[in-house]
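K.L.:
Input: one structure, supplied below.
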């Protein structure tokens, strides 16, 4: 069996002295899409931040391996240039940073890590225009400051745009469906599905089954009280929708 | 009849004060010398100098600057600008000014009388002032290149800028020089006639050991549009004080400034704007970025006179602290004597936003690059209104240079 894209071993994470993750074990093989479902406060977002390398999330035990390599000692930027991408639940608005300047800096950081030369402006513009068109993003939006004045749907599309441009091997989508209407959900899901490939894995975090009608996962994991309490095929999402999360709480106890 | 009481000396004079007294006497300014002898340099007990205690901070005063021979190339240059050099306080005009600009020299300081030590020093020590008459609209940037060269020197540069009715111009004043512990006690007076439009940019790039003092006066006529921008990135100790009077209706002023303060520096921006007539507006926006153990001071006062109805004045100070030892002291004040006005002030201070930093890093941007992006974003709003592209680029260059400046102790 080949090396999994993401392997999480017995992960314990603390935020300001409060234990949030209490022993997460998860393996996402190459090319697969896994979903994590759980109610609010179960620690799903903590898992995504801990994988991405946020300073405020202290790993007290366990390990995270990206394509066979431990990343827990890496800063967030190194994890990103190693091929990890987190699509934020609430993308941050940064006034004064032009979206295009940011995209170029991010793409060049990836290239620098691969020992490639910086992108020329025409090449960069072409790449951005093509990716934006796939996601029905108006390029006028990209002339604004990063995420500033973007609607909820625009922010999520901008996240998927970044994902497309940075071409990560492991994508984590944190509540990508939140704040989206049906039409926007469809566009975003299509954008994500378009990026599915045998060389790329995804971890889709959500608390509604709805998103998984559009992005159909290979595996579904139920998250409760800081750990995975049940795993199954895509039908597990439907089961959850029908029975609610409380049916799985006992499994965690 | 009793004999006049001898003035009781309560001040213990410091080395700097003694040097200043002898420099004042050397310039024939007995009254200013007597004043310095009896009260000395202002301490924290003087309200206007509460955060910049000159007696404690100004340890020594170098000798009066001599005429300089080796001036060197300008540290800050704007392509296409018309440049006038003032080296060690002496005007060294070399080229014929473009149409619309009349350059002359006049004895004495252009500053008005004011109960302020820096003004008294400038008035007493100014031999002659450069006068820039902007008689019609002028295209090229007018660059007054104030330089202090050679060994540590005390130089006094004074300038009067007169903008004729309806004329539009951009005037840049830069302060720089050799790498010695200089002191500058400069003065600029700007007189704006009716309908004049001026962008006035002041940049301090003095050496890391320098002490830089600059008093600026604005006399603002009717229907004037004034934008000022102060950028500080040099000097160990500096104070730039701006006094403005709105004397004609319909005028608007944007007063802005950027203090880039690094280890060991103490940079003070003091602003006093007086709306003396009805129907004038002003916006004040000052930002400080402080790194390592350093101090930025901002004091801003807006005075609205009793008859200055319909004044609209908004003042904002924003500080960004990049290290534990960074200090920002901010004192915004409004004194409103009219009843039909819109005035406001605010002051905020903080660190770089951790979530923004994480977001940028999560896209692969290295920590230092991400920080630089956020600092640029913080200051951008001050540089954006500078429309001259060459000038805007040159000013952005100061920020870029500051961002990559080698850090002591890191």
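K.L.:
Quote the relative contact order of the range A:6-252 in percent (integer), defining contacts as alpha-carbon pairs under 8 Å separated by 6+ residues.
P.N.:
29 percent
K.L.:
Can you list the equivalent-ellipsoid semi-axes of the range B:242-319, largest first and in whole Å, using the square root of 5 times each Cα gyration tensor eigenvalue?
P.N.:
Calculated on Cα positions only, the semi-axes equal 30, 10, 8 Å.
K.L.:
Averaged over peptide A:73-81, how many Cβ atoms belonging to another chain are found within 10 Å of each residue's Cβ?
P.N.:
5
K.L.:
I'd like the per residue volume of the convex hull spanned by the Cα atoms of chain A, given in cubic angstrom. Can you show the working numbers first?
P.N.:
On the way: hull volume 32.1 nm³, N = 253.
So the per-residue Cα hull volume is 127 Å³.
K.L.:
Calculate the length of the line joining the C-alpha centroid of the range B:350-410 to that of the range A:104-163, in whole Å.
P.N.:
About 20 Å separates the Cα centre of the range B:350-410 from the one of the range A:104-163.
K.L.:
Please arrange A:100, B:373 by counting, for each residue, the other beta carbons lying within 10 Å of its beta carbon, fewest first.
P.N.:
A:100, B:373
K.L.:
Quick one: compute the contact order of chain B, relative version, from alpha carbon pairs under 8 angstrom and 6+ residues apart, as a percent.
P.N.:
9 percent
K.L.:
Only counting other Cβ atoms within 10 Å, I'd like B:245, B:304 sorted with the fewest neighbours first.
P.N.:
B:245, B:304
K.L.:
Still on this structure, I have one more. Could you work out how far the C-alpha centroid of the range B:251-271 sits from that of the range A:193-225, in angstrom?
P.N.:
After rounding, the separation between the Cα centres reads 52 Å.
K.L.:
Determine, for B:324, A:154, B:217, the number of other Cβ atoms within 10 Å of each Cβ, and report the residues in order from fewest to most.
P.N.:
By the 10 Å Cβ count, ascending, the order reads B:324, A:154, B:217.
K.L.:
Roughly how far apart, in whole Å, are the Cα centres of the range B:302-316 and the range B:174-225?
P.N.:
So the separation of the two Cα centres works out to 24 Å.
K.L.:
Averaging over every viewing direction, what projected area does the convex hull of the Cα atoms of the range B:310-410 cover, in nm²?
P.N.:
Details: hull surface 38.1 nm².
Dividing the Cα hull surface by four gives the mean projection, 9.5 nm².
K.L.:
While we're here: Mind checking the mean number of beta-carbon atoms from other chains within 10 Å of the Cβ atoms in B:380-386?
P.N.:
1
K.L.:
Further question on the same structure: Going by average Cβ density within 10 Å per residue, which order do the peptides A:121-130, B:131-140 take, highest to lowest?
P.N.:
Working: A:121-130: 13.3, B:131-140: 17.9.
Answer by packing, highest mean first, reads B:131-140, A:121-130.
K.L.:
So what's Rg/Rh here for the range B:352-404, counting alpha carbon atoms and using the Kirkwood radius for Rh?
P.N.:
Taking Rh as the inverse mean 1/r over Cα pairs, Rg/Rh reads 1.05.
K.L.:
Please report, largest first and rounded to whole Å, the three semi-axes of the ellipsoid equivalent to the range B:105-151, where each semi-axis is the square root of five times an eigenvalue of the C-alpha gyration tensor.
P.N.:
So the equivalent ellipsoid measures 24, 17, 10 Å along its semi-axes.
K.L.:
Per-residue mean of other chain beta-carbon atoms within 10 angstrom of the beta-carbon, peptide A:89-97?
P.N.:
On the way: counts 0, 2, 1, 8, 3, 9, 5, 10, 9.
The shielding value for this peptide is 5.
K.L.:
While we're looking at this one, here's another question. How many percent of all Cα-Cα pairs in the protein assembly as shown sit more than 45 Å apart? Could you put the intermediate results ahead of the total?
P.N.:
Numbers: 79949 of 219453 pairs.
The answer is 36 percent, as a whole percent.
K.L.:
Regarding the range A:184-253, what whole-number volume in Å³ per residue does the convex hull of its Cα atoms give?
P.N.:
91 Å³
K.L.:
What shape does chain B have by the C-alpha gyration tensor, where a ≥ b ≥ c are the square roots of the eigenvalues, rounded means a/c under 1.5, and otherwise prolate means a/b greater than b/c and oblate the rest?
P.N.:
Here chain B falls in the rounded category.
K.L.:
How large is the helix-only mean residue ellipticity at 222 nm for chain A, computed as the sum of -39500 (n - 2.57) over DSSP H runs with n ≥ 4, divided by its residue count, in deg cm²/dmol to the nearest 500?
P.N.:
-11000 deg cm²/dmol
K.L.:
From zero up to wherever the largest Cα-Cα distance of the range A:74-180 sits, split into 10 Å bins and tell me the percent of pairs in each.
P.N.:
Once binned at 10 Å, the Cα pair distances of the range A:74-180 give 14, 48, 34, 3.
K.L.:
Further question on the same structure: Using just the helices of chain B, give the 222 nm mean residue ellipticity in deg cm²/dmol: DSSP H runs with n ≥ 4 each add -39,500 (n - 2.57), and the total is spread over all residues, rounded to 500.
P.N.:
Helix-only estimate at 222 nm: -5500 deg cm²/dmol.
Where a number appears in this text, it was derived from the coordinates with a stated rule and is not lab data. A quick note: this is a predicted structure, and the numbers were derived from the prediction, not measured. Please note: Cβ atoms are built from the backbone with ideal geometry, for glycine as well, and neighbour counts cover all protein chains shown.
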